[in-house]
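First the structure, in the form of structure tokens, and then the observations on it.
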Amino acid sequence: MSGNRQRTLGGGGQHVLDYLKRMQAENPAFFYAVQSDSEHSGGNILWADASARLNYTHFGDTVIFDTTYRTHRYRLPFASFTGFNHHGQPLLFGCALILNESESSYVWLFQTWLHAMSGHSPASITTDPERLIQSAVAQVLPGTRHRFCKWAIFRETKEKLPQLYQSQPTFEAEFKKCVNESETINEFESSWESLLQRYYIMDNEWLRSMYSARQQWVPVYMRDAFFGEVSGTEGSGGLNLFFDGFVNASTTIQMLVKQYEKAIVSWHEKELKADYDTINTTPVLKTPSPMEKQAANLYTKRIFKKFQEELVETLANPATKIDDSGTVATYRVAKFGEDHKANAVSFNSFEMKASCSCQMFEYSGIICRHVLAVFRAKNVLTLPSQYVLKRWTRNAKTGAVVEEQASELPVHFRDSLTVRYNNLRQEAIKFVEEGAKSIHIYNVALDALQEAAKKVASIKNRSSGATQGATLANGGSQELHSNEENQTAAYQSVDEKEKKINELTTEIENTNQRCEVYRTNLLAVLRDMEEQKLKLSVKVQNAKLSLKE
């Protein structure tokens, strides 16, 4: 894209701004900004709620800036900053309405978003391959590795070369294979050259430009940087994972706020479920390796499965030492019958450090089968700490690093509803884990949670009563002064009292909302425990039947 493109919010603009103002009034940690002197002049808008800002302190190492929805297919000037949590699920870091598409606007957008994220730049960012975005990223995030979405490249290639795709139906599959399956730079270069020659497109201007930019979108050139991809998360066909199914071609700006909130609730519930499954599911170990047992206790359920796949593959990928120069040895690791696809692993036995030519650990944060094969050959029984990336573990949201980053946030952010909610959730999860260990502990835990739910309801009722009492007191106070001489002072006193009562009423309403959040989540935990109890009962019954038989 070149030049500027101006859009207008239309009737939905004020609706969005009113929503953002209301959210910020309810929680000062809710951030929003408008790129203009007047909020009615149609400038770009950026916002990030308290959860998005807190999530970034845990998982802000890699970011996806998705502008899919402003294309001709959707025609909604909506963009999002997302990432991945410790389960590999999409996570929101902020949203924007892009009404003025210019280089300066994108620079403002990235600068403002970075400010909202306390100035911490991500290690990597993935965006659509647009010149304006590329320029803005280079200016605002100079130390961040910038990657173009390869699926956007595939889509644009199809649009740029429609005749080739129609006349040569095999081209698309071969093109994607060349990009996706090349395991080394030399393999890609050779495959690309062969592809151009076979289809007689050596002089195609578009493909030449894409080849020139290959280091920013072809996977084999990007493997030395962390992008947090697990099982091909970028291989879904696009970037819009977080809002997929919530925002579509028929979504209007008026509908956006409601769909935005639905997406947040949906993914939050999925994260809670993944947390619960991780804690309450015992992984089935496939090897006698102490390392596998260690990983099962460290990683979340999904990440452990990925690690387990790599560990099991070491059985078919033997490591052969090809060079030894003291503390550093080089190994050749290849699958049986595939010697032509061998990987080289160097291992420093003194520092317990290994590096593989596939660079899977650098790219995904999960150790590869090739390094694990060398560990197996060297009788390394447990994972060295440097190969356990904290962001993939069960305790990704706890620890000194997170506390240090959180301490740099404003006080009102650290004390916000979101922080308290996350702390409560962590404690509740620990409670559930203990409660599921036996029927006796389960019953004690269930009684405690039910008692807590009653107390929360009692507090809520008292808060409602206090609101009614304040209203009655205010209504009666005006009758205390009938003397004309004291009337002015009385009115001032009443105004002050009304102001104070309004403040207290607002505070009580906010307290009610927080109590409702706590109550809802406590009830969710209770439901989960009831399901667990039912499952245990079924197991007991089955066991009794088996014994009778």
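Details
- ³J(HN,Hα), Karplus 6.51/-1.76/1.60, whole Hz, each residue of the range 374-380, x for Gly, Pro: 5, 4, 5, 5, 8, 6, 7
- Remark on residue 321: its backbone amide H falls under 5 Å from those of 332, a criterion applied only to residues 5 or more positions apart or on other chains, H modelled at 1.01 Å from N.
- Volume per residue of the C-alpha convex hull in the range 106-228, rounded to whole Å³: 110
- One quarter of the surface of the convex hull around the alpha-carbon atoms of the range 290-392 equals 6.2 nm², the direction-averaged projected area.
- The modelled label-to-label distance between residue 277 and residue 359, using points 7 Å beyond Cα along the C-beta direction, is 3.2 nm.
- Put simply, the amide H of residue 141, placed in the peptide plane, has no neighbours under 5 Å, leaving out anything fewer than 5 places away on its chain.
- Here is the tail figure for the range 230-342: Cα pairs spaced more than 21 Å apart come to 63 percent of all pairs.
- Taking each of 21/397; 305/397; 273/455; 335/397 in turn, the alpha-carbon distance tops 31 angstrom for 335/397.
- Hz values of 3J(HN,Hα) by residue in the range 95-112 - Karplus curve (6.51, -1.76, 1.60), Gly and Pro given as x: 9, 8, 10, 9, 9, 10, 8, 9, 4, 5, 5, 5, 4, 4, 4, 5, 5, 5
- In Hz, Karplus ³J(HN,Hα) per residue of the range 167-177 (6.51, -1.76, 1.60; θ = phi - 60°; x = Gly, Pro): 7, 10, x, 8, 4, 4, 5, 5, 4, 5, 5
- Cα-Cα separations in the range 61-118 greater than 17 Å, expressed as whole percent: 42
- Where Cα atoms sit under 20 Å apart: lysine pairs in the range 152-272 separated by 8 or more or lying on different chains: 6
- Long-range HN-HN contacts of residue 91 with modeled amide H, under 5 Å: 83, 84, 85
- Value of D in µm² per second that Stokes-Einstein yields for the range 161-317, Kirkwood Rh from Cα pairs, at 10 °C (1.306 mPa s): 79
- Rounded FRET efficiency, nearest 0.05, which uses the C-beta distance separating residue 111 from residue 320 and R0 of 60 Å: 0.70
- Note on the range 249-381: with neighbouring protein chains present and a 1.4 Å probe, carbon and sulfur make up 55 percent of its accessible heavy-atom surface.
- Once the chain from residue 206 to residue 447 is taken as fully extended at 0.36 nm per residue, the excess over their C-alpha distance is 80.1 nm.
- Spin-label pair residue 120/residue 221, simplified geometry with 7 Å Cα→Cβ offset, distance in nm: 3.0
The values are calculated or read from the model by the stated rules, or taken from the named source; none is laboratory data. Computed from a prediction, not measured in an experiment: that's the story for all the values here. Glycine gets a Cβ as well: all are built from the backbone with ideal geometry, and neighbour counts include every protein chain shown. In case anyone asks, the SASA skips ligands and DNA or RNA and just uses the protein heavy atoms, side chains included. Shrake-Rupley method; radii C 1.70, N 1.55, O 1.52, S 1.80 Å.
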